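Only one structure is covered here, and it is reproduced in the block below.
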Amino acid sequence: MDWSNGYIINPDDFRNGQLLMSPFTSGYQFRNHKLWSNFLDDGLPYVTVDDRKFYITPSGTSALEAVLNQINPAPENEVWIVTTSGNHYISGCVTRTIEKFCRWSRQKTEKTKAILVNHEFGFVHDEVEKLTAHHLPLIEDCAYSMYSGKNGKKAGTVGDFAIFSMAKMFPVQAGGLIVSNRGLEFSGVCETNSRKYFKACFHYYQQQSEQIIDGRLKNFRLFEEKFGKAGLETRFEPQVGEVPGAFLFKAPGWPLDELKIFLQKQGIECSVFYGEDAFYLPCHQNMNVDHINYILTLIKFFKK
């Protein structure tokens, strides 16, 4: 066990706090159980928001899998992955899902069957509309970007499909959503009981969208202020309409893989933004200044 600035560091196993990329914390499983038990399900496989059908799936990755089932690429085909930053980092859960069907690439080739645009951590890709000119199925990965938009357009409204992660936006342990801007249906992706659970949670937490947006923006600004005073520069700066799902900071020359291991041991879900000397941390509505001060204390302890 170690000690720094009024915090215990490296406690015994099972005595860590936990801070996830998701706003879920222990206790929410009981609230969500009550939501499920009191929810009157209409039996439909989707929820409707602004006249758009959001089909329920067990997770964000299962949403991507269902979309790829619709596109039906051949094994020799490729999915061209495009990201907001242009960095080559992409989550393994995305690439592993694509690999169930075909290959993936970071450039367009003669084998490209579909395009996946990753709106990284709530920061929206600038040129989604230009990608429609390729006349290929266009999937917008909005896992962290349910409430983000840019230049007057919401993320997930330009491509043929949009996929979302409920767990990255709401305090739930799983759950995904698919929107087809072509009007395609996605029935049978989620079994009845879990579908009812996710619909109950969605209906409840969707009503808190303004608080979710405000909380994430407020915490991002706190991160920016606190880390800036410590000489740590922000990697992404939210533009008007963007709602961050993580805080990324630049750390040139740092042993970032070691930082990841250290912070994860303290119960902080985080990782390296591979391909750059940068690192990402949770930033969501269920955090406050105490969480941010704690994370910064841990980072200073690691760096000393």
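Only the coordinates and a few stated rules stand behind these numbers; no lab work does. Because the structure is predicted, anything quoted here is derived from the model rather than measured.
Here are the numbers:
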| quantity | calculated |
| --- | --- |
| Degrees separating the helix 256-265 axis from the principal Cα axis of the chain, which is the longest one | 80 degrees |
| Of all DSSP beta bridges in segment 28-206, antiparallel share, percent nearest 5 | 45 percent |
| For the chain, built as a Gaussian network whose Cα springs stay under 10 Å, the top-fluctuating residue of Pro73, Pro244, Pro255 | Pro255 |
| Relative counts (whole %) of C-alpha pair distances in segment 1-84, using bins that are 5 Å wide | 3, 8, 9, 13, 15, 12, 9, 11, 9, 7, 3, 0 |
| Share, in percent, of DSSP beta bridges within the chain that are antiparallel, nearest 5 | 60 percent |
| Translational D in µm²/s for segment 28-206 (Stokes-Einstein at 37 °C, 0.692 mPa s, Kirkwood Rh from C-alpha pairs) | 199 µm²/s |
| q = 0.12, 0.16, 0.19 Å⁻¹: log10 I(q)/I(0) that the Debye formula gives for segment 146-304, counting C-alpha atoms only | -0.63, -1.01, -1.24 |
| Hydrodynamic radius by Kirkwood, which averages 1/r over all alpha carbon pairs of segment 103-233, in angstrom | 16.8 Å |
| Cα-based Kirkwood hydrodynamic radius, the chain, one decimal, Å | 20.2 Å |
